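K.L.:
Mind looking over this structure? Questions follow.
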Amino acid sequence: MFARSKARILALVLLTSLTGSACNSTARRTDGAPEVRGALDRLAELQPVDVAVAPVRDQTGAQRVPLELFRTAFIQTLIERRYTPLAPSYVDANWVESSFKGTPPPDGLLVVAVTAWDPSHLYSTGKVTATADVVLFEGGDTTGKVLWQCTFADVVDMGDGRGNPPAAGQDLVPKAVRQFAQRALEALPMRDPVAAHGAELEAQAKAASAAK
């Protein structure tokens, strides 16, 4: 229990230290809103709290994806959407054969696979293209029920909005990745603590009734 609480604190500290790096540029989608799949009714019922974010997978074919930046960006975005991602170090210490083996298991497991990444025009036009497969599983294993899933392709524009490239001397990659993660999880339902509390009370009532 102490380890889990410590992991939550570390994740919140991570968000606080990195939020300042976010920029005000908007990401422009190339193909409209992503198609969302999964057991959405179960997601609404479960209202998962603790989410383990797995090490991000590079499936681009050696395009040198900044994996840790992607992982951090998705952790930040989950917190903004009222979930409680576990600290990466805690997840890694309990990561065995593509599963989180810590006790107790998390409510959900987020797996991100980057399938396209092209920042070659970032400093000339301000644009970077990326595609990722994002899946939220129930529990801590990739064999769990798929609660939410989408494939997201985007063009992030870090320019000034008038077709001009960004000012020189900026480290734009973390900002571009951050924008991408925010847009990728935009369709993930905001966690509803009130609904979660109601579901917990209902489960307790059912358990008490069954015990009679």
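The values are calculated or read from the model by the stated rules, or taken from the named source; none is laboratory data. It should be emphasised that the depicted structure is a prediction, and the values quoted were computed from it without experimental measurement. FYI the Cβ positions are ideal-geometry reconstructions off the backbone, even for glycines, and counts take in every protein chain you see. Surface areas here come from the heavy atoms of the whole protein model, side chains and all, with no ligands, DNA or RNA. Shrake-Rupley method; radii C 1.70, N 1.55, O 1.52, S 1.80 Å.
K.L.:
Please state which one of Thr143, Thr125 is polar (S, T, N, Q) and surrounded by 15 or more Cβ atoms within 10 Å (Cβ to Cβ).
P.N.:
It is Thr125.
K.L.:
Is it the case, given these coordinates, that Ala113 is closer than 15 Å to Val173 by Cβ, small (Gly, Ala, Ser) and either modelled with pLDDT of 95 or more or part of a helix (DSSP H, G or I) (or both)?
P.N.:
no
K.L.:
Sticking with this structure for a sec: Kindly indicate the residue of region 95-109 that is within 19 Å of the chain's Cα centre (by Cα) and assigned to a loop (DSSP other than H, G, I, E, B) and also modelled with the lowest pLDDT among those meeting that condition.
P.N.:
Here the residue is Ser98.
K.L.:
Moving on. Specify the residue that is nearest to Ser120 (Cα to Cα); the eligible residues are those in region 137-172 that are in contact (Cβ under 8 Å) with a residue 60 or more places away in the chain and among the small types (Gly, Ala, Ser).
P.N.:
For region 137-172, the residue satisfying everything is Gly159.
K.L.:
Next question. Give the residue, chosen from Gly144, Gly159, Gly163, Gly169, that is outside any strand (DSSP E or B) and modelled with pLDDT of 85 or more.
P.N.:
Gly144
K.L.:
Now, a different point. Among the residues that make up region 56-74, is at least one of them over 21 Å from Val156 (Cα atoms), modelled with pLDDT of 85 or more and open to solvent by less than 40 Å² (accessible area, probe 1.4 Å)?
P.N.:
There is no residue in region 56-74 that is over 21 Å from Val156 (Cα atoms), modelled with pLDDT of 85 or more and open to solvent by less than 40 Å² (accessible area, probe 1.4 Å).
K.L.:
Would region 119-127 turn up any residue that is closer than 24 Å to Val51 by Cα and either among the basic types (Lys, Arg) or not in a strand (DSSP E or B) (or both)?
P.N.:
Checked against the condition, which is being closer than 24 Å to Val51 by Cα and either among the basic types (Lys, Arg) or not in a strand (DSSP E or B) (or both), region 119-127 yields no hits at all.
K.L.:
Count, please, the residues in region 110-124 that happen to be of a type in the set (Ser, Thr, Tyr) and in contact with a strand residue (DSSP E or B) (Cβ under 8 Å, 6 or more places away or on another chain).
P.N.:
1
K.L.:
Confirm whether Ala181 is assigned to a loop (DSSP other than H, G, I, E, B) and either open to solvent by 30 Å² or more (accessible area, probe 1.4 Å) or at pLDDT 95 or above (or both).
P.N.:
no
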